[in-house]
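Below is one structure, written out as structure tokens; comments come after it.
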Amino acid sequence: MEISFNPSASPRSDEELAAVLANPGFGQHFTDHMFSTLWTPEAGWHDAKVTAYAPLSIDPATAVLHYAQEIFEGLKAYRHEDGSIQTFRPEANGARLERSSHRLALPVLPVDDFVASIDALVKADERWVPDAAGEKSLYLRPFMFASEVFLGVRPSKHVTYMVIASPAGAYFAGGIKPVRLWLSETYTRSGRGGMGAAKTGGNYASSLIAQQEAIEKGFDQVVFLDAEEGKYVEELGGMNLYFVYDDGSIVTPETSGTILEGITRASIIELAGKLGHKVDERRISIDEWREGVESGRIVEVFACGTAAVLTPVGVLAWNGGEVGGSEGVGEVTGKIRQALVDIQFGRAEDTFGWMHRVL
Ligand SMILES: *Cc1c(COP(=O)(O)O)cnc(C)c1O
């Protein structure tokens with residue numbers, strides 16, 4: 001893929017940038033550039049370019065606005081002590097984007113081109129990658145959408161793929177706080193044959209009402225159960241779940257098409273194994289969770305994803321009851337989190353070959 005570069009004529013000044021990077025928050029500020037490329041059946045992917053970050057002009061009949069044919073990814077670039085800038089497992093994100101493309105009837109962007117698109121934007125916006133202090137990073141958001149102008153139900157014949165970037169502060173600015181979870185018994189995230197394993201905006205759209213319910217009841221995030229029996233734990237709206245047992249073994253719900261295959265989740269399977277834990281991917285019922293915490297068989301619960309890495313789960317509540325969780329960060333949760341973050345920030349040896357050097 002040939003990528004042209006037309007630098008922004010009005011990049012943010014050093015002073016403005018320093019002010020943003022001092023307190024980036026999450027998803028609030030966007031860098032000076034963006035990557036884009038277009039696809040049509042005749043031309044394939046073409047016109048790949050890095051240009052100044054700017055609003056898109058969208059026809060009101062653009063297909064994605066009506067039929068939600070859209071997918072996205074999320075990953076981070078880290079500045080290491082040696083001055084290099086590295087991304088975490090970008091090929092895994094590229095492979096997942098490809099799987100999502102299949103489900104949403106979108107064209108496949110080759111993984112090499114996906115990685116090249118990320119590299120090109122990170123290079124153009126290198127000065128936006130924060131210093132490693134305080135777990136800051138540059139969050140990258142690749143996305144692909146149906147950009148054909150038409151009304152009608154069929155896959156779009158004009159597709160746009162873009163990457164934008166946003167500096168991210170530590171997810172837990174005031175120290176790690178356990179998330180408080182609300183069990184949704186009204187809504188599900190996905191069903192058999194549905195889109196649960198695809199990273200698509202539609203899954204988020206359908207989770208918002210459940211998330212809103214959780215927040216109204218005083219909780220942070222919602223837990224979804226399987227759609228068929230309403231019995232097995234799936235995941236949160238945007239994070240996977242893990243359970244630590246009193247014998248040191250670790251369980252995460254198996255992905256069988258209804259759960260998003262998190263790259264953090266997959267990395268923890270390997271990392272926890274190396275740290276000496278037995279890791280099982282299997283179904284876990286909501287009763288096993290409730291009874292396990294009550295009996296002391298389950299000693300820690302944590303959620304994971306790119307944005308927060310690992311976050312301890314505090315209380316789990318539902319209509320009519322609750323079980324406790326950790327007050328702070330559990331021993332195993334903390335150990336795995338530290339090991340992962342140390343690899344990402346280049347403070348520990350990357351024995352898995354997960355890091356990809358951009359600069
Ligand atoms: C992105 C996402 C995750 C976490 O995936 P990571 O690759 O670890 O960031 C989990 N659940 C859902 C629904 C997601 O969209």
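The values are calculated or read from the model by the stated rules, or taken from the named source; none is laboratory data. Quick caveat, the model's predicted, so the values are computed rather than measured. When we count neighbours, we look across all protein chains shown, and the Cβ atoms used for this are built from the backbone with ideal geometry, even at glycine. We work out accessible area using only protein heavy atoms, side chains counted, and drop any ligands, DNA or RNA first. Shrake-Rupley method; radii C 1.70, N 1.55, O 1.52, S 1.80 Å.
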Residue 353 neighbourhood, Cβ < 12 Å, K/R = +1, D/E = -1, net charge -2
Starting from the Cα of residue 323, move 7 Å in the Cα-to-Cβ direction to define the label point; list residues of segment 228-245 whose amide nitrogen is under 17 Å from there. 230-236, 241-245
Restricted to Cα positions, what overall size does segment 5-123 have along the principal axes? Three whole-Å values, descending. 44, 33, 26
Could you work out [θ]222 nm for the chain from helices alone, using -39500 (n - 2.57) per DSSP H run of at least four and dividing by all its residues? Round to the nearest 500 deg cm²/dmol. -8000 deg cm²/dmol
With θ set to phi - 60°, apply the Karplus curve 6.51 cos²θ - 1.76 cosθ + 1.60 along segment 7-18 and write out the HN-Hα couplings as whole Hz, x wherever there is a Gly or Pro. x, 4, 7, 9, x, 4, 5, 4, 5, 4, 5, 4
If each of residue 58 and residue 204 carries a label point 7 Å out from its Cα toward its Cβ, how far apart are those two points in nm? 1.2 nm
For the chain the mean separation of alpha carbon contacts under 8 Å (6+ apart) over residue count, i.e. relative contact order in percent, is 18 percent
Amide H to amide H, which residues 5 or more places from residue 223 or on other chains are under 5 Å from it, using H placed in the peptide plane? 182, 183, 184
HN-Hα couplings for segment 249-263 via Karplus (6.51, -1.76, 1.60; θ = phi - 60°), in whole Hz with x for Gly/Pro, come out as 6, 10, 10, 10, x, 6, 8, 10, x, 10, 10, 6, 7, x, 6
Spacing of the two label points (7 Å from each Cα toward its C-beta) at residue 351 and residue 5, in nm: 3.7 nm
At R0 = 35 Å the Cβ-Cβ FRET efficiency linking residue 359 and residue 274, nearest 0.05, sits at 0.80
Roughly how many whole Å is it from the C-alpha centroid of segment 1-58 to that of segment 59-99? 13 Å
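Counting only other residues whose beta carbon sits under 14 Å from that of residue 105, what net charge do I get with K and R as +1, D and E as -1?
Summing Lys and Arg as +1 and Asp and Glu as -1 gives +1.
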Within the P(r) computed for the chain, what percentage of the Cα pairs occupies the region above 36 Å? 23 percent
Could you check how much of the accessible area of the chain is carbon and sulfur, as a whole percent, using a 1.4 Å probe? 50 percent
Using the Karplus equation 6.51 cos²θ - 1.76 cosθ + 1.60 (θ = phi - 60°), what ³J(HN,Hα) coupling, rounded to whole Hz, does each residue of segment 326-342 give in order, writing x for Gly and Pro? 7, 7, x, 9, x, 4, 6, 4, x, 5, 5, 4, 4, 4, 5, 4, 5
State the extension gain, in nm to one decimal, for the chain segment bounded by residue 192 and residue 282, taking 0.36 nm per residue of separation less the distance between their alpha-carbons. 30.7 nm
Compute the accessible area per residue over the chain, keeping the other protein chains in place, probe 1.4 Å, unit Å². 44 Å²
Any of 49/199; 177/199; 76/199; 274/335 with alpha carbons more than 20 Å apart? Name them for me. 49/199; 177/199
